[in-house]
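Below is one structure, written out as structure tokens; the observations come after it.
Every number here is computed from the coordinates shown, using simple stated rules; none is lab data. What you are looking at is a predicted structure, and each value in this text was computed from that prediction instead of being measured. Note that we place each Cβ from the backbone using ideal geometry, even for glycine, and neighbour counts take in every protein chain shown.
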Amino acid sequence: MSSAPVTATPDRTPPGAAAGTRRRAFLAILSRDLWVTIRREPGGFLAQALLQPIFFLFIFGRVLPEIGQAQGSYGSLLLPGVMALTAITVSLQNVALPLVIEFSFTKEIEDRLLAPLPAWAVGVEKIVHAALRGIFSAFVLLPIAAVVLPDGLQLGGANWIALIAVVAGGAVAGGCLGLVMGTVVPANKINIAFAVILTPLLFTGATFYPWSSLDSLRWFQVVTLLNPLTYVSEGARAAIGTGEHMATWAIPLGIVGSIVVFGVIGLLGFRRRAID
Amino acid sequence: MSSATASGSFGPPPPVAEDAIVVEGLRKRYGSSGDEAVKGIDFRVRQGEIFGLLGPNGAGKTTTIGVITTRVRPTGGRVLVDGLDVTTDQVAVKLRLAVVPQRPNLDRSLSAIENLTFHAAYFGFSRRARRERALELLEQVGLQGRENDRVDQYSGGMAQRLIIARALIHRPQILILDEPTTGLDPQSRLFLWDTMRELQAQGTTLILTTHDMAEADQLCERIAIVDHGEVIALDTPRGLRRLLPSERGVEVVVVAQDAVGAPDAVDADDGATPSSGAPTVPGDDPAAAIGRVPGVERADVVSSAEGRTTVRAYGAVEAGDLVAGLSDAGLRLVELRQLEGSLEDVFVHLTGRELR
């Protein structure tokens, strides 16, 4: 089957890991996660990812305008915000929750920590997989919005490359934030942490309003700059080309900055949990 | 995804270092102010050996195993796996190891065979090789026909066998079993023991931690007893038994040479003085007679029934002297065996009786 040509060197120096070992291990772990998503729990994944944004779009984008509590065009302002929110929260939850369970209860992660790749790379894989879920969920909202929103989709002026980049960046930032939560928060407090972190994240992220419209509420406008979602919402708004948005230079800065800050904290936390 | 590569070689390279594992002056302190869990452990595991790591709970076994498997960073000393340092060559070390953990950690989102094939994929096996090897191992561990079951439907014994199959799928040089038989039924335990012996015959190095002394005694060539973060004894099971101070000696069963009546040997006199009381039967009081044999420090009658007297003689006794001494005293030797305490006695002798 695989009797290998003997590679033992005569000078008794043990060979290190071959160059492709780490890459193959990383891709195999990623393919395991994607396999579970696609083959084992597609329904559960879609329900968890899409139910909340569909209701946001339906209530705020359809019901409120219909009963005269909001303008008819609100939906086109809302959609990029909800896409950004979905990219971040789906990714965040898909890192944080499994991580807490695997580290504390099932210990399933041990098998992957013993795979031939550095421990931190297992954390990176968690972010990549969750970000793929987040990106997928955000873009699946487009056809749904076409049906739900009264005006349908207005994507004539969209810059698709920018939109993909913003959503992908947001999903990665969400995954990094999830890694921080999943490794810093003790298992028995994770439900509290979710409430305490997700709620402010949801409402201070310029999802339901353009950031510049907060000019009259200056202190709140400044507070929202701490939320990575603000940059992703504004970025999606800018890419789709609906309404006003914050200065273009600030958007990549905010997204990349969030990834760096939360990524470093998260990976350090992951290494602390993975290696005593 | 990670399909076959040009190399065509799967699994770790063959071992090259003389010792499979070298642990030198290993120390580990958890946190900056905590107590040292490991306070300078040294041992070497030879290639192809079954090595036992014994100790009470909290003695430092799991920490030591953790360092070897790259999951715990040592605060002092060094650990080599096939000559590779566990702190600097983690990936190469992991390639050579497999672990059967204390608690089952199967991937519960996957079926049994997927647990094996994905694990093999992590180690770079081609799609074809993974499947072939997985089916082969499932048959070996008696799980053929159950390969598509979800693993949460497996019983404890089945899960354990699947974990063993998973550990073996990438052909590790070194297999580490951390209390593998805790909670297993006798059949599963015997299966595991057979598997371990087979693996050793194939050249795999095995490290076993266990509380089951009989298991360690049966399987291990050498055993390190760890307590309070230090190795307090390291020897073969036989060598360890010799550590019991009171248990060096022999047990003999004797009958009077012209056994007509029972030689009702009662309390033995001090062996140094010849017995003062007149013997009731021809032949001497057995305990006193044995007590006079050179090298015997003390002789006690253990039991006496149907004319046979069982005597324990402590000390460094030569069999020849003993036979001569007995025949001088008119006694005939029926049975002679070396006294050996159980490994459990040794363990308790070395680590004390208090609860941890």
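General remarks:
- Gaussian network model of chain B, springs between alpha carbon atoms under 10 Å - residue of B:152, B:321, B:42 with greatest fluctuation: B:321
- With the convex hull constructed from alpha-carbon coordinates only, segment A:31-95 shows a mean projected area of 4.9 nm² over all directions.
- Annotation note: chymotrypsin sites (Phe, Trp or Tyr not before Pro) in segment A:203-276 located in DSSP loop regions with a Cβ neighbour count of at most 10 within 10 Å are A:249.
- Candidates per trypsin sites (Lys or Arg not before Pro) in segment A:185-252, loop by DSSP, up to 16 other Cβ within 10 Å: none
- Other protein chain C-beta atoms within 10 Å of residue C-beta, averaged over B:115-125: 6.
- Mean residue ellipticity at 222 nm, helices only, chain A: -22000 deg cm²/dmol; runs of at least 4 DSSP H residues each add -39,500 (n - 2.57), and the sum is divided by the number of residues.
- Its Cα gyration tensor gives segment B:116-244 an equivalent ellipsoid, and the semi-axes of that ellipsoid, as √(5λ) in whole Å with the largest first, are 31, 16, 13.
- Relative contact order computed over segment A:86-230 (Cα-Cα under 8 Å; 6+ residues apart), in percent: 35
- Virtual spin-label span in nm between residue B:108 and residue A:144, 7 Å along Cα→Cβ: 2.8
- Between residue B:149 and residue A:209, the simple label model (points 7 Å from Cα in the Cβ direction) yields a spacing of 5.9 nm.
- From its DSSP helices (H runs of at least four residues, each -39,500 (n - 2.57)), chain B gives a residue-normalised ellipticity at 222 nm of -8500 deg cm²/dmol.
- Protection proxy ranking, peptides A:75-85, A:40-50, B:288-298, A:163-173, average beta carbon neighbours within 10 Å, highest first: A:75-85, A:163-173, B:288-298, A:40-50
- Per-bin percent of Cα-Cα distances, segment A:178-270 [10 Å]: 16, 41, 30, 12, 1
- Degrees, to the nearest 10: B:186-201 long Cα axis against longest axis of chain B: 80
- Size of charge dipole - chain A - debye, nearest 20, with Cβ of Lys, Arg +1 and Asp, Glu -1, no other charges: 640
- Shielding of B:84-92 by partner chains, average beta-carbon count, 10 Å: 4
- Debye equation applied to the C-alpha atoms of segment A:56-206, log10 I(q)/I(0) at 0.10, 0.11, 0.15 Å⁻¹: -0.43, -0.51, -0.82
- FRET efficiency for the pair residue B:29 and residue A:34, taken as 1/(1 + (r/R0)^6) with r the Cβ-Cβ distance and R0 = 56 Å, rounds to 0.90.
- Taking amide H as placed 1.01 Å from N in the peptide plane, the amide H of residue B:50 sits under 5 Å from that of B:206, B:221, B:222, each at least 5 places away or on another chain.
- The ranking of A:73, A:213 from fewest to most other beta carbons within 10 Å of each one's beta carbon is A:213, A:73.
- Under the simplified labelling scheme, the residue B:75-residue A:19 pair shows an inter-label distance of 4.1 nm, with each label point 7 Å from Cα along Cα→Cβ.
- Distance cut-off 37 Å, percentage of C-alpha pairs in chain A lying past it: 20
- 27 Å Cα-Cα reach of residue A:189 towards lysines, excluding residues that sit fewer than 8 places from it in its own chain: A:107, A:126
- Interchain or long-range residues, amide H under 5 Å from residue B:298's placed H: B:314
- Cα principal axis extents for the protein assembly as shown, largest first, Å: 122, 53, 45
- For residue B:38, the residues 5 or more places off, or on other chains, whose built amide H falls under 5 Å of its own are B:28.
- Taking every alpha-carbon pair under 8 Å whose residues sit at least 6 apart, segment A:181-276 reaches a relative contact order of 26 percent.
- Debye equation applied to the C-alpha atoms of chain B, log10 I(q)/I(0) at 0.06, 0.07, 0.09, 0.12 Å⁻¹: -0.35, -0.45, -0.65, -0.89
- Segment B:21-95: C-alpha gyration tensor shape, a/c 1.5 cut-off, then a/b vs b/c: oblate
- Here segment A:228-254 is scanned for amide nitrogen atoms under 12 Å from the site 7 Å beyond the Cα of residue A:220 along Cα-to-Cβ, giving none.
- Averaged over B:103-111, number of beta-carbon atoms from partner chains that fall within 10 Å: 5
- For chain B, the relative contact order comes to 18 percent (Cα pairs under 8 Å, sequence separation of at least 6).
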